[in-house]
Amino acid sequence: MIRVPEVAASAGEQEWIAVGDAVHRAGERLAQLTAHLDDRERADGFRALTRALNNHLSRLERDRERPELVSFNGWREKFFMDNPDFRYWVADIRDDRRYRLSGAVGDSVFQSITVYRGDGLGAVATARVDTDTLDIDAGGRFEVTLAPSDPGVGTWLPLEPGVTMVWVRHFHEDVDHDRLGDCTIEPHDPPATPTAFDAHDVQRQLRRLAASISIVPEVFEATWKAEEGRANQLRHWSEMSGGAAFTEPGIHYVRGAWSLGADEALVIRGSAVPSRYWNILLYSRYLNSLDYRSRTVSRTSGTARLVDGRYGFVLAARQPAGDLDWLDTEGRQFGLVVMRWLLPEEPVPLPEVRVCHVDEVEDLSR
C-alpha cells in the first residue's frame with residue numbers, strides 16, 4: 001500500500017475554502033428564505049447575492065499606503081440600498097498618514113467627503129466636509145488634505161485614531177444628463193517600499209470576505225421582518241441617522257414598503273420641506289435599486305413635479321393617467337421605497353400614503 005504523505009495547508013488555503021463554504025451556505029440560506037416566492041423573485045435573489053459578491057471582490061485587496069478611490073455600487077455591484085442618483089467613491093486609508101484628495105464636482109448640486117471608523121454595519125462617521133466648507137474653484141475643482149493634524153493650509157479633514165475609510169459622494173438632480181465629476185487620492189509623502197509580501201493580510205482579507213457574504217441573507221431576512229405588518233406605510237428610518245453603516249450623516253431617511261396587486265397603485269403625497277437635495281427611489285426586496293438604466297424608478301428635487309410645494313408619486317406597474325410622477329415597480333408585488341432629505345431646514349413630515357386602483361389615481365392638484 002502506497003502511503004500519500006500529508007501536506008500541511010498553505011497560508012490562505014483554509015480561508016479560501018471558507019469563502020467557498022460561505023458562498024454555498026449563503027445560497028442555501030437564500031433558497032430557504034425565498035422558497036415561498038415565484039421563480040422570478042427567487043432568481044432575483046441570487047442575482048442580488050452575486051452582485052454583493054462582485055461588490056466585495058472589487059474591493060478585496062486594500063493598500064492603505066497607496067489608496068485608490070474606487071467607484072462604488074455600480075449596476076453590476078449593487079449592495080444594500082445603492083443610490084443611482086449619487087456617485088460614490090470609496091478608499092481604505094490609515095489613521096496615521098497624510099493624503100491629498102482632489103477632484104471635480106461636475107454638475108452635481110452637492111458634494112461631501114466623509115471619514116469613517118469601524119467596519120460593516122458598525123461603522124460611524126468621524127469627520128466630514130461638504131459643499132459649504134470645500135474650497136471649489138471657478139472650474140469646479142477641489143482639494144482636501146486628510147491628516148491626523150491640521151496642515152495649516154487648505155481644507156483639512158482630520159483622521160482620528162481608528163479611521164478606516166473615506167467616502168466621496170456627489171449628489172445629482174439629473175444624473176442621466178449631468179456632467180459627471182471625478183476624484184483621486186494619493187499619499188502626501190512617498191510611502192516606503194513594503195518589506196515583504198504579507199501572507200497574513202491575504203488571510204485576513206479572505207476571512208473578511210467570507211464573513212461579509214455570510215450575513216447577506218440575514219440582512220435580507222431582517223429587512224423583511226422589519227416590514228411585516230406595515231406594508232404600504234412610510235416611517236422615519238432613525239437607525240440610519242448620523243452616518244451609521246457608511247450612510248451620509250446629513251441625510252434624514254424615510255422608508256417603507258409596498259405590497260400591491262396587479263392593478264393596484266401606491267400613491268404618496270406630501271410637502272417638500274426646504275433642504276439641499278432630496279430624492280425617492282424604489283428597491284427590490286433584496287435591497288437593490290430597480291432597473292434605473294431603462295426605467296423611471298427614482299425622482300429627485302430637480303426632476304419631481306411640485307404643485308404649491310407638494311409632491312405626488314404613484315408606484316405602479318404601469319403609468320396611470322394624470323400628473324403624478326410615476327415610479328415603475330416593474331410589476332413587483334413587493335418592494336421597498338426610500339426617501340432621502342439632505343440637510344432639511346425643518347422636521348420632515350411623513351407623507352400621506354394610500355392604495356387605490358391604478359385607474360383611480362387623482363391629479364396632484366386635487
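The values are calculated or read from the model by the stated rules, or taken from the named source; none is laboratory data. Keep in mind that this is a model prediction, so the values were computed, not measured. Backbone-built Cβ (ideal geometry, glycine too); neighbour counts: all protein chains shown. To get the accessible areas, we keep the full protein, side chains included, count just its heavy atoms, and leave off ligands, DNA and RNA. Shrake-Rupley method; radii C 1.70, N 1.55, O 1.52, S 1.80 Å.
Could you tell me which of ALA304, PHE110, GLN203 has its Cα farthest along the dipole of the chain towards the positive end, charges placed at Cβ (Lys, Arg +1; Asp, Glu -1), taken about the Cα centre?
GLN203
Let me have the 222 nm mean residue ellipticity of the chain computed from DSSP H runs of 4+ only, each contributing -39500 (n - 2.57), with the sum over all residues rounded to the nearest 500. Display every interim value, and only then the final one.
On the way: 3 runs with 70 residues, N = 366.
Roughly -6500 deg cm²/dmol at 222 nm, from the helical runs in the chain.
Roughly what would the spin-label model give for LYS225 and LEU350, points 7 Å off Cα along C-beta, in nm?
2.2
Between segment 180-225 and segment 309-366, what is the separation of their alpha carbon centroids in Å?
Their Cα centres are 37 Å away from one another.
Can you check what the net charge comes to around ASP132, using other residues whose Cβ is under 15 Å from the Cβ of ASP132 (Lys, Arg +1; Asp, Glu -1)? Don't jump to the answer; show the numbers that get you there.
Numbers: positive: ARG128, ARG169, ARG276; negative: ASP130, ASP135, GLU248, GLU345.
Around ASP132, the charge tally is -1.
Most fluctuating residue of THR296, THR34, THR114 in a GNM of the chain with Cα springs under 10 Å: which is it?
Taking springs between Cα atoms under 10 Å, the residue moving most is THR34.
Specify the residue with the greatest mean-square fluctuation among ARG204, ARG40, ARG29, computed from a Gaussian network of the chain linking alpha-carbon atoms under 10 Å apart.
Most flexible of the set in this elastic network: ARG40.
To the nearest 20 Debye, how big is the dipole of segment 306-366 about its Cα centre, given +1 on the beta carbon of each Lys and Arg and -1 on that of each Asp and Glu? Let's see the in-between values first.
On the way: 6 positive and 12 negative charges, 50 e Å.
About 240 debye.
Give the residues of segment 170-211 whose amide nitrogen is closer than 15 Å to a point set 7 Å from the Cα of GLU65 in the direction of its Cβ.
187-202
Note the full-extension length gain between TRP16 and ARG40 as 0.36 nm times their separation in residues minus their Cα-Cα distance, in nm to one decimal.
Values: separation 24, 0.36 × 24 = 8.64 nm, distance 3.11 nm.
Using 0.36 nm per residue and subtracting the Cα-Cα distance, I get 5.5 nm.
Rounded to whole Å and sorted largest first, list the principal axis extents of the Cα atoms in segment 319-358.
Cα spread of segment 319-358 along its principal axes, largest to smallest: 34, 22, 15 Å.
State to the nearest 20 debye the size of the charge dipole of segment 130-220 about its Cα centre, where the only charges are +1 on K and R beta carbons and -1 on D and E beta carbons. Walk me through the numbers before you get to the answer.
Values: 6 positive and 17 negative charges, 123 e Å.
That gives a dipole near 580 debye.
For segment 1-144, what are Rg and Dmax over the alpha carbons, in angstrom?
Both quantities, over Cα of segment 1-144: 21.1, 80 Å.
Using modelled backbone amide H atoms (1.01 Å from N, in-plane), which distant-in-sequence or interchain residues come within less than 5 Å of GLN233's amide H?
When sequence neighbours closer than 5 places are left aside, the close amide H contacts are ALA257.
Just the number, please: carbon plus sulfur as a percent of the accessible area of the chain, 1.4 Å probe, no ligands or DNA/RNA counted.
On the way: 8720 of 17810 Å².
Heavy-atom surface of the chain belonging to carbon and sulfur, 1.4 Å probe: 49 percent.
Could you state the accessible area per residue of the chain in Å², with a 1.4 Å probe and every protein chain left in place? Can you show the working numbers first?
Numbers: 17810 Å² over 366 residues.
Per residue, the chain has an accessible area of 49 Å².
Please find, in a Gaussian network model of the chain (springs between Cα atoms separated by less than 10 Å), the residue of THR133, THR50, THR247 whose mean-square fluctuation is greatest.
Answer for the Gaussian network model of the chain: THR133.
For the chain, with only Lys/Arg (+1) and Asp/Glu (-1) charged at the beta-carbon, what is the dipole magnitude about the Cα centre, in debye rounded to 20?
Numbers: 43 positive and 58 negative charges, 113 e Å.
Dipole of the chain, to the nearest 20 debye: 540 debye.
Under the classification rounded if a/c is under 1.5, otherwise prolate if a/b is larger than b/c and oblate if not, where does segment 259-366 fall, given a ≥ b ≥ c as square roots of the Cα gyration tensor eigenvalues?
Working: a/c = 1.82, a/b = 1.27, b/c = 1.44.
In terms of gyration-tensor shape, oblate.
Just for the Cα atoms in segment 70-160, what are the lengths along the principal axes, largest first, rounded to whole Å?
If we take the Cα atoms of segment 70-160, the spans are 40, 33, 19 Å.
For Rg and Dmax of the Cα atoms in Å, pick the label among (1) 22.0, 71; (2) 22.7, 89; (3) 21.0, 65 that corresponds to the value derived from the coordinates.
Label (2) holds the value from this structure.
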